[in-house]
Amino acid sequence: SVRMRGWAGDLHGAELAARQLLCEAQRKGKRRGIAEALGAMGYTLGWQGRFAAAEDVLLRSVELARAAGRLSWMSQSLALLASLDACRGHLAAARTRWAQATASSPHYDPMIGGCGAFIELLAGDLMMVTAHARQAQGYDPAARSRLPAALAARAAMAEAERGRLTEARRHLDTMTRTGGVLQPWYWWAEGVVASAEGRWAAATTILQRAVDGYSAMNLWALTGFVLADLAEVAMIAGDSDAATRAASSASDAARRTGAPIHQALHQFATAWALIGHGRHDQAARAASHAVEGLRSSGYALLTARARVAYAIAARRSDPRAAEDAAREAVTVFDACGAVPRCEQARALLRDLGSDGRCAPAATRGPGALTGRERQVVELAAGGYTAPQIATRLHIGVRTVETHLARSYPKLGVTSKQQLVRRAAEFGFTLGP
(Lines give C-alpha, C1' and ligand atoms only; values in the text may rest on other atoms or scores of the structure.)
Protein backbone atom coordinates (compact mmCIF):
# COMPACT_ATOMS: atom_id res chain seq x y z
CA SER A 1 0.00 0.00 0.00
CA VAL A 2 0.98 3.65 -0.28
CA ARG A 3 1.28 4.01 3.48
CA MET A 4 3.47 0.95 3.77
CA ARG A 5 5.82 2.47 1.21
CA GLY A 6 5.89 5.65 3.26
CA TRP A 7 6.81 3.93 6.51
CA ALA A 8 9.36 1.85 4.63
CA GLY A 9 11.23 5.09 4.04
CA ASP A 10 9.92 6.32 0.70
CA LEU A 11 7.44 9.13 1.36
CA HIS A 12 8.25 10.74 -1.97
CA GLY A 13 7.63 7.48 -3.81
CA ALA A 14 4.43 7.01 -1.81
CA GLU A 15 3.27 10.47 -2.87
CA LEU A 16 3.84 9.66 -6.55
CA ALA A 17 1.99 6.37 -6.15
CA ALA A 18 -0.93 8.15 -4.47
CA ARG A 19 -1.14 10.67 -7.30
CA GLN A 20 -1.16 7.84 -9.82
CA LEU A 21 -3.94 6.09 -7.90
CA LEU A 22 -5.93 9.34 -7.83
CA CYS A 23 -5.63 9.83 -11.59
CA GLU A 24 -6.72 6.25 -12.22
CA ALA A 25 -9.69 6.51 -9.85
CA GLN A 26 -10.80 9.82 -11.40
CA ARG A 27 -10.53 8.34 -14.88
CA LYS A 28 -12.76 5.44 -13.88
CA GLY A 29 -15.09 7.66 -11.85
CA LYS A 30 -14.75 5.55 -8.71
CA ARG A 31 -15.71 7.58 -5.66
CA ARG A 32 -14.23 5.16 -3.19
CA GLY A 33 -10.96 5.02 -5.08
CA ILE A 34 -10.79 8.81 -5.24
CA ALA A 35 -11.44 9.15 -1.50
CA GLU A 36 -8.85 6.52 -0.62
CA ALA A 37 -6.26 8.02 -2.99
CA LEU A 38 -6.82 11.48 -1.49
CA GLY A 39 -6.41 10.02 1.99
CA ALA A 40 -3.15 8.34 0.98
CA MET A 41 -1.89 11.53 -0.64
CA GLY A 42 -2.76 13.56 2.45
CA TYR A 43 -0.84 11.04 4.53
CA THR A 44 2.34 11.41 2.47
CA LEU A 45 2.10 15.21 2.18
CA GLY A 46 1.32 15.69 5.85
CA TRP A 47 4.19 13.65 7.26
CA GLN A 48 6.56 15.48 4.93
CA GLY A 49 5.48 18.63 6.76
CA ARG A 50 3.47 20.03 3.85
CA PHE A 51 0.58 20.71 6.16
CA ALA A 52 -1.59 23.08 4.10
CA ALA A 53 -1.50 20.83 1.02
CA ALA A 54 -2.26 17.78 3.19
CA GLU A 55 -5.21 19.50 4.84
CA ASP A 56 -6.68 20.42 1.46
CA VAL A 57 -6.68 16.89 0.06
CA LEU A 58 -7.75 15.27 3.33
CA LEU A 59 -10.76 17.57 3.64
CA ARG A 60 -11.71 16.61 0.08
CA SER A 61 -11.43 12.97 1.13
CA VAL A 62 -13.67 13.62 4.14
CA GLU A 63 -16.35 15.28 2.01
CA LEU A 64 -16.36 12.46 -0.54
CA ALA A 65 -16.58 9.85 2.20
CA ARG A 66 -19.39 11.75 3.92
CA ALA A 67 -21.34 12.04 0.67
CA ALA A 68 -20.92 8.32 0.05
CA GLY A 69 -21.92 7.45 3.60
CA ARG A 70 -18.57 5.72 4.20
CA LEU A 71 -17.99 6.57 7.84
CA SER A 72 -14.84 4.49 8.28
CA TRP A 73 -13.04 6.34 5.45
CA MET A 74 -14.17 9.68 6.82
CA SER A 75 -13.12 8.93 10.40
CA GLN A 76 -9.64 7.79 9.39
CA SER A 77 -9.03 10.94 7.33
CA LEU A 78 -10.25 13.07 10.26
CA ALA A 79 -7.93 11.21 12.64
CA LEU A 80 -4.97 11.80 10.34
CA LEU A 81 -5.89 15.48 10.08
CA ALA A 82 -5.97 15.60 13.89
CA SER A 83 -2.48 14.10 14.16
CA LEU A 84 -1.10 16.56 11.62
CA ASP A 85 -2.78 19.44 13.47
CA ALA A 86 -0.87 18.37 16.59
CA CYS A 87 2.38 18.33 14.60
CA ARG A 88 1.82 21.82 13.23
CA GLY A 89 0.92 23.47 16.55
CA HIS A 90 -2.89 23.42 16.43
CA LEU A 91 -3.77 21.39 19.51
CA ALA A 92 -7.33 22.65 19.91
CA ALA A 93 -8.14 21.75 16.31
CA ALA A 94 -6.41 18.39 16.76
CA ARG A 95 -8.59 17.45 19.71
CA THR A 96 -11.76 18.63 17.96
CA ARG A 97 -11.03 16.64 14.83
CA TRP A 98 -10.04 13.57 16.83
CA ALA A 99 -13.38 13.74 18.68
CA GLN A 100 -15.15 13.99 15.31
CA ALA A 101 -13.21 10.99 14.04
CA THR A 102 -14.17 8.95 17.10
CA ALA A 103 -17.82 9.96 16.89
CA SER A 104 -18.08 9.11 13.19
CA SER A 105 -16.30 5.76 13.39
CA PRO A 106 -18.81 2.88 13.29
CA HIS A 107 -16.67 0.86 15.72
CA TYR A 108 -13.53 1.16 17.81
CA ASP A 109 -10.56 1.73 15.51
CA PRO A 110 -7.05 1.20 16.95
CA MET A 111 -5.66 3.63 14.38
CA ILE A 112 -7.92 6.40 15.71
CA GLY A 113 -7.03 5.47 19.29
CA GLY A 114 -3.35 5.69 18.36
CA CYS A 115 -3.88 9.16 16.92
CA GLY A 116 -5.51 10.24 20.17
CA ALA A 117 -2.54 8.93 22.14
CA PHE A 118 -0.15 10.79 19.84
CA ILE A 119 -1.99 14.09 20.27
CA GLU A 120 -2.02 13.79 24.06
CA LEU A 121 1.66 12.78 24.13
CA LEU A 122 2.63 16.00 22.35
CA ALA A 123 0.19 17.97 24.52
CA GLY A 124 1.74 16.52 27.68
CA ASP A 125 -1.35 14.73 29.06
CA LEU A 126 0.55 11.58 30.01
CA MET A 127 -2.34 9.89 31.82
CA MET A 128 -4.47 10.13 28.69
CA VAL A 129 -1.77 8.42 26.62
CA THR A 130 -1.83 5.52 29.08
CA ALA A 131 -5.63 5.52 28.98
CA HIS A 132 -5.61 5.18 25.19
CA ALA A 133 -3.29 2.18 25.45
CA ARG A 134 -5.55 0.58 28.06
CA GLN A 135 -8.61 1.22 25.92
CA ALA A 136 -6.96 -0.59 23.00
CA GLN A 137 -6.11 -3.50 25.27
CA GLY A 138 -9.62 -3.56 26.71
CA TYR A 139 -11.19 -3.65 23.27
CA ASP A 140 -9.09 -6.67 22.31
CA PRO A 141 -7.79 -8.55 25.37
CA ALA A 142 -5.62 -10.67 23.08
CA ALA A 143 -3.76 -7.48 22.16
CA ARG A 144 -2.42 -6.92 25.68
CA SER A 145 0.98 -8.19 24.63
CA ARG A 146 0.89 -6.89 21.07
CA LEU A 147 -0.28 -3.28 20.92
CA PRO A 148 0.23 -1.66 17.50
CA ALA A 149 3.86 -0.55 17.30
CA ALA A 150 3.15 3.17 17.12
CA LEU A 151 0.74 3.06 20.06
CA ALA A 152 3.20 0.97 22.10
CA ALA A 153 5.91 3.57 21.40
CA ARG A 154 3.68 6.41 22.58
CA ALA A 155 2.74 4.50 25.70
CA ALA A 156 6.42 3.75 26.42
CA MET A 157 7.32 7.43 26.18
CA ALA A 158 4.44 8.47 28.44
CA GLU A 159 5.31 5.85 31.05
CA ALA A 160 8.97 6.91 30.98
CA GLU A 161 7.97 10.53 31.59
CA ARG A 162 5.82 9.35 34.50
CA GLY A 163 8.77 7.46 35.97
CA ARG A 164 7.17 4.06 35.41
CA LEU A 165 10.21 2.49 33.79
CA THR A 166 9.12 -1.13 34.09
CA GLU A 167 5.93 -0.36 32.18
CA ALA A 168 7.88 1.66 29.64
CA ARG A 169 10.24 -1.24 29.00
CA ARG A 170 7.28 -3.61 28.67
CA HIS A 171 5.88 -1.49 25.87
CA LEU A 172 9.26 -1.39 24.13
CA ASP A 173 9.41 -5.18 24.40
CA THR A 174 6.02 -5.32 22.67
CA MET A 175 7.53 -3.43 19.76
CA THR A 176 10.49 -5.81 19.48
CA ARG A 177 8.06 -8.74 19.21
CA THR A 178 5.94 -7.09 16.50
CA GLY A 179 8.73 -5.80 14.25
CA GLY A 180 8.49 -2.25 15.56
CA VAL A 181 12.26 -1.92 15.94
CA LEU A 182 12.42 -1.24 12.22
CA GLN A 183 10.59 2.07 12.73
CA PRO A 184 12.07 5.39 13.89
CA TRP A 185 9.19 5.47 16.38
CA TYR A 186 10.96 2.71 18.29
CA TRP A 187 14.25 4.58 18.48
CA TRP A 188 12.55 7.77 19.61
CA ALA A 189 10.77 5.86 22.37
CA GLU A 190 13.92 3.91 23.27
CA GLY A 191 15.85 7.18 23.53
CA VAL A 192 13.24 8.73 25.82
CA VAL A 193 13.25 5.64 28.06
CA ALA A 194 17.06 5.57 28.16
CA SER A 195 17.17 9.21 29.21
CA ALA A 196 14.59 8.54 31.94
CA GLU A 197 16.92 5.79 33.15
CA GLY A 198 19.76 8.31 33.34
CA ARG A 199 21.73 6.70 30.48
CA TRP A 200 22.39 10.05 28.82
CA ALA A 201 25.17 9.05 26.41
CA ALA A 202 23.22 6.02 25.20
CA ALA A 203 20.08 8.13 24.85
CA THR A 204 21.99 10.64 22.72
CA THR A 205 23.11 7.90 20.33
CA ILE A 206 19.66 6.33 20.16
CA LEU A 207 17.83 9.62 19.55
CA GLN A 208 20.31 10.46 16.78
CA ARG A 209 19.35 7.17 15.15
CA ALA A 210 15.68 8.19 15.29
CA VAL A 211 16.53 11.58 13.75
CA ASP A 212 18.50 9.90 10.98
CA GLY A 213 15.58 7.59 10.25
CA TYR A 214 13.01 10.36 10.04
CA SER A 215 15.31 12.59 7.99
CA ALA A 216 15.97 9.80 5.49
CA MET A 217 12.21 9.41 5.09
CA ASN A 218 11.71 13.20 4.71
CA LEU A 219 9.31 12.89 7.64
CA TRP A 220 9.75 16.48 8.78
CA ALA A 221 6.45 16.67 10.67
CA LEU A 222 8.04 14.76 13.56
CA THR A 223 11.76 15.40 13.19
CA GLY A 224 11.72 18.71 15.08
CA PHE A 225 10.21 17.09 18.17
CA VAL A 226 12.90 14.40 18.25
CA LEU A 227 15.64 17.00 17.72
CA ALA A 228 14.37 18.95 20.74
CA ASP A 229 14.76 15.80 22.85
CA LEU A 230 18.18 15.12 21.36
CA ALA A 231 19.56 18.61 22.08
CA GLU A 232 18.41 18.48 25.70
CA VAL A 233 19.75 14.97 26.32
CA ALA A 234 23.05 15.65 24.55
CA MET A 235 23.70 18.72 26.70
CA ILE A 236 23.02 16.75 29.87
CA ALA A 237 25.36 14.04 28.59
CA GLY A 238 28.07 16.67 28.14
CA ASP A 239 28.09 16.32 24.35
CA SER A 240 27.73 19.99 23.41
CA ASP A 241 28.72 19.31 19.81
CA ALA A 242 25.84 16.85 19.38
CA ALA A 243 23.48 19.42 20.92
CA THR A 244 24.74 22.05 18.45
CA ARG A 245 24.21 19.71 15.51
CA ALA A 246 20.70 18.97 16.75
CA ALA A 247 19.92 22.70 16.96
CA SER A 248 21.19 23.22 13.41
CA SER A 249 19.07 20.33 12.14
CA ALA A 250 16.06 21.72 14.00
CA SER A 251 16.50 24.98 12.11
CA ASP A 252 16.40 23.04 8.84
CA ALA A 253 13.29 21.14 9.93
CA ALA A 254 11.55 24.42 10.85
CA ARG A 255 12.42 25.87 7.45
CA ARG A 256 11.00 22.84 5.66
CA THR A 257 7.64 22.85 7.46
CA GLY A 258 7.21 26.59 7.93
CA ALA A 259 5.17 25.89 11.07
CA PRO A 260 5.68 28.26 14.04
CA ILE A 261 5.70 25.32 16.46
CA HIS A 262 8.76 23.94 14.70
CA GLN A 263 10.46 27.31 15.04
CA ALA A 264 9.75 27.12 18.78
CA LEU A 265 11.30 23.64 18.85
CA HIS A 266 14.34 25.08 17.06
CA GLN A 267 14.64 27.75 19.76
CA PHE A 268 14.30 25.06 22.43
CA ALA A 269 17.13 23.01 20.90
CA THR A 270 19.23 26.15 20.42
CA ALA A 271 18.85 27.10 24.08
CA TRP A 272 20.26 23.76 25.23
CA ALA A 273 23.10 23.92 22.70
CA LEU A 274 24.07 27.42 23.88
CA ILE A 275 23.95 26.31 27.52
CA GLY A 276 26.35 23.53 26.61
CA HIS A 277 28.79 26.10 25.22
CA GLY A 278 28.45 28.46 28.21
CA ARG A 279 26.66 31.20 26.23
CA HIS A 280 24.02 31.71 28.88
CA ASP A 281 22.61 35.12 27.91
CA GLN A 282 21.91 33.95 24.36
CA ALA A 283 20.55 30.68 25.73
CA ALA A 284 18.12 32.55 27.98
CA ARG A 285 16.79 34.54 25.02
CA ALA A 286 16.35 31.40 22.93
CA ALA A 287 14.63 29.59 25.82
CA SER A 288 12.32 32.57 26.36
CA HIS A 289 11.27 32.46 22.70
CA ALA A 290 10.71 28.71 23.01
CA VAL A 291 8.55 29.17 26.11
CA GLU A 292 6.37 31.73 24.38
CA GLY A 293 5.93 29.68 21.20
CA LEU A 294 5.19 26.43 23.01
CA ARG A 295 2.99 27.98 25.70
CA SER A 296 0.79 29.85 23.23
CA SER A 297 0.17 26.58 21.38
CA GLY A 298 -0.74 24.65 24.54
CA TYR A 299 2.19 22.19 24.67
CA ALA A 300 2.35 22.05 28.45
CA LEU A 301 5.13 19.54 29.04
CA LEU A 302 7.40 21.02 26.38
CA THR A 303 6.75 24.51 27.75
CA ALA A 304 7.81 23.41 31.22
CA ARG A 305 10.96 21.84 29.81
CA ALA A 306 11.76 25.14 28.06
CA ARG A 307 11.25 26.95 31.37
CA VAL A 308 13.86 24.68 32.94
CA ALA A 309 16.29 25.60 30.16
CA TYR A 310 15.56 29.28 30.83
CA ALA A 311 16.07 28.86 34.57
CA ILE A 312 19.47 27.23 34.01
CA ALA A 313 20.53 29.87 31.49
CA ALA A 314 19.32 32.87 33.53
CA ARG A 315 20.36 31.72 37.01
CA ARG A 316 23.32 34.16 37.16
CA SER A 317 21.99 37.13 35.21
CA ASP A 318 18.44 37.14 36.65
CA PRO A 319 18.11 34.73 39.60
CA ARG A 320 14.59 35.90 40.48
CA ALA A 321 13.30 35.18 36.96
CA ALA A 322 15.14 31.86 36.95
CA GLU A 323 13.48 30.87 40.22
CA ASP A 324 10.05 31.86 38.91
CA ALA A 325 10.59 29.79 35.76
CA ALA A 326 11.69 26.75 37.75
CA ARG A 327 8.71 27.08 40.08
CA GLU A 328 6.31 27.26 37.14
CA ALA A 329 7.97 24.19 35.65
CA VAL A 330 7.43 22.27 38.90
CA THR A 331 3.74 23.17 38.83
CA VAL A 332 3.28 21.94 35.26
CA PHE A 333 5.35 18.80 35.67
CA ASP A 334 3.28 17.91 38.71
CA ALA A 335 0.01 18.51 36.84
CA CYS A 336 1.20 16.39 33.91
CA GLY A 337 2.33 13.56 36.17
CA ALA A 338 5.93 13.87 34.97
CA VAL A 339 7.33 12.76 38.33
CA PRO A 340 11.08 12.56 37.48
CA ARG A 341 11.08 15.98 35.81
CA CYS A 342 9.14 17.42 38.74
CA GLU A 343 11.75 16.17 41.19
CA GLN A 344 14.58 17.48 39.01
CA ALA A 345 12.92 20.90 38.80
CA ARG A 346 12.49 20.94 42.59
CA ALA A 347 16.19 20.18 42.95
CA LEU A 348 16.90 23.09 40.60
CA LEU A 349 14.70 25.32 42.78
CA ARG A 350 16.74 24.36 45.84
CA ASP A 351 19.94 25.18 43.96
CA LEU A 352 18.47 28.56 43.05
CA GLY A 353 17.84 29.33 46.71
CA SER A 354 14.26 28.13 47.12
CA ASP A 355 13.38 25.02 49.09
CA GLY A 356 10.63 24.16 46.62
CA ARG A 357 7.98 23.90 49.33
CA CYS A 358 5.88 26.57 47.69
CA ALA A 359 5.49 24.54 44.53
CA PRO A 360 2.89 22.02 45.73
CA ALA A 361 0.67 24.85 46.98
CA ALA A 362 0.73 26.31 43.49
CA THR A 363 -0.78 23.10 42.19
CA ARG A 364 -4.07 23.64 44.10
CA GLY A 365 -7.21 25.10 42.56
CA PRO A 366 -8.75 25.05 39.06
CA GLY A 367 -5.54 26.42 37.56
CA ALA A 368 -3.76 23.19 38.50
CA LEU A 369 -6.04 21.06 36.32
CA THR A 370 -4.92 19.83 32.93
CA GLY A 371 -7.18 20.66 29.99
CA ARG A 372 -8.78 17.21 30.01
CA GLU A 373 -9.22 17.20 33.80
CA ARG A 374 -11.06 20.51 33.63
CA GLN A 375 -13.39 19.17 30.92
CA VAL A 376 -14.22 16.16 33.09
CA VAL A 377 -14.75 18.03 36.38
CA GLU A 378 -16.86 20.74 34.73
CA LEU A 379 -19.20 18.08 33.36
CA ALA A 380 -19.23 16.28 36.72
CA ALA A 381 -20.01 19.57 38.49
CA GLY A 382 -22.85 20.07 36.02
CA GLY A 383 -24.48 16.80 37.06
CA TYR A 384 -23.23 14.42 34.40
CA THR A 385 -22.52 10.83 35.44
CA ALA A 386 -19.23 9.13 34.62
CA PRO A 387 -20.77 7.13 31.71
CA GLN A 388 -22.34 10.31 30.31
CA ILE A 389 -19.02 12.16 30.54
CA ALA A 390 -17.26 9.25 28.85
CA THR A 391 -19.76 9.37 25.98
CA ARG A 392 -19.47 13.13 25.51
CA LEU A 393 -15.66 13.14 25.56
CA HIS A 394 -15.22 9.83 23.71
CA ILE A 395 -13.13 8.28 26.47
CA GLY A 396 -13.57 5.31 28.79
CA VAL A 397 -15.52 5.41 32.06
CA ARG A 398 -12.40 4.28 33.91
CA THR A 399 -10.51 7.20 32.37
CA VAL A 400 -13.20 9.59 33.63
CA GLU A 401 -12.89 8.14 37.12
CA THR A 402 -9.09 8.47 36.97
CA HIS A 403 -9.35 12.14 36.01
CA LEU A 404 -11.79 12.81 38.84
CA ALA A 405 -9.53 11.03 41.34
CA ARG A 406 -6.59 13.19 40.24
CA SER A 407 -8.66 16.39 40.19
CA TYR A 408 -10.32 16.21 43.62
CA PRO A 409 -7.08 16.73 45.63
CA LYS A 410 -6.12 19.65 43.40
CA LEU A 411 -9.49 21.27 44.11
CA GLY A 412 -9.49 20.42 47.80
CA VAL A 413 -12.66 18.30 47.61
CA THR A 414 -13.22 14.65 48.43
CA SER A 415 -16.47 13.82 46.63
CA LYS A 416 -18.69 14.73 43.72
CA GLN A 417 -21.18 16.29 46.14
CA GLN A 418 -18.53 18.72 47.40
CA LEU A 419 -17.53 19.45 43.80
CA VAL A 420 -21.11 20.35 42.87
CA ARG A 421 -21.53 22.56 45.96
CA ARG A 422 -18.33 24.48 45.22
CA ALA A 423 -18.76 24.62 41.42
CA ALA A 424 -19.58 28.34 41.37
CA GLU A 425 -16.51 29.06 43.53
CA PHE A 426 -14.33 27.24 40.98
CA GLY A 427 -15.97 29.06 38.06
CA PHE A 428 -17.50 25.93 36.55
CA THR A 429 -20.68 26.14 34.45
CA LEU A 430 -23.59 24.19 35.93
CA GLY A 431 -26.37 22.23 34.30
CA PRO A 432 -26.39 19.39 31.75
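The values are calculated or read from the model by the stated rules, or taken from the named source; none is laboratory data. A quick note: this is a predicted structure, and the numbers were derived from the prediction, not measured. Here the Cβ is made from the backbone with ideal geometry for all residues, glycine too, and neighbour counts use every protein chain on show. For accessibility, only protein heavy atoms count, side chains too; no ligands or nucleic acids. Shrake-Rupley method; radii C 1.70, N 1.55, O 1.52, S 1.80 Å.
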**Report entry** For R374: the one exception among (1) within 22 Å of the chain's Cα centre (by Cα); (2) farther than 22 Å from A304 by Cα
**Finding:** (2)
Requested in this report: Considering only the stretch 92-111, state which residues are in contact (Cβ under 8 Å) with a residue 12 or more places away in the chain, assigned to a helix (DSSP H, G or I), open to solvent by 10 Å² or more (accessible area, probe 1.4 Å) and in contact with a helix residue (DSSP H, G or I) (Cβ under 7 Å, 6 or more places away or on another chain).
Outcome: R95, R97, W98, Q100, T102, S104, P110, M111
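Is it the case that T257 is under 16 Å from the mean Cα position of the chain (by Cα), open to solvent by less than 30 Å² (accessible area, probe 1.4 Å) and at pLDDT 95 or above? Step through it out loud before you land on a result.
On the way: under 16 Å from the mean Cα position of the chain (by Cα): no; open to solvent by less than 30 Å² (accessible area, probe 1.4 Å): yes; at pLDDT 95 or above: yes.
No: the conditions fail for T257.
Identify, from the list A347, A335, A321, the residue that is in contact (Cβ under 8 Å) with a residue 12 or more places away in the chain and small (G, A, S). So that I can check it myself, show each step before the final result.
Details: A347 fails: in contact (Cβ under 8 Å) with a residue 12 or more places away in the chain; A321 fails: in contact (Cβ under 8 Å) with a residue 12 or more places away in the chain.
Matching residue, one of A347, A335, A321: A335.
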Query raised in the report: In the stretch 392-413, which residue that is of a type in the set (S, T, N, Q) and either more than 23 Å from the chain's Cα centre (by Cα) or open to solvent by less than 30 Å² (accessible area, probe 1.4 Å) (or both) is nearest to G113 (Cα to Cα)?
Result: T399
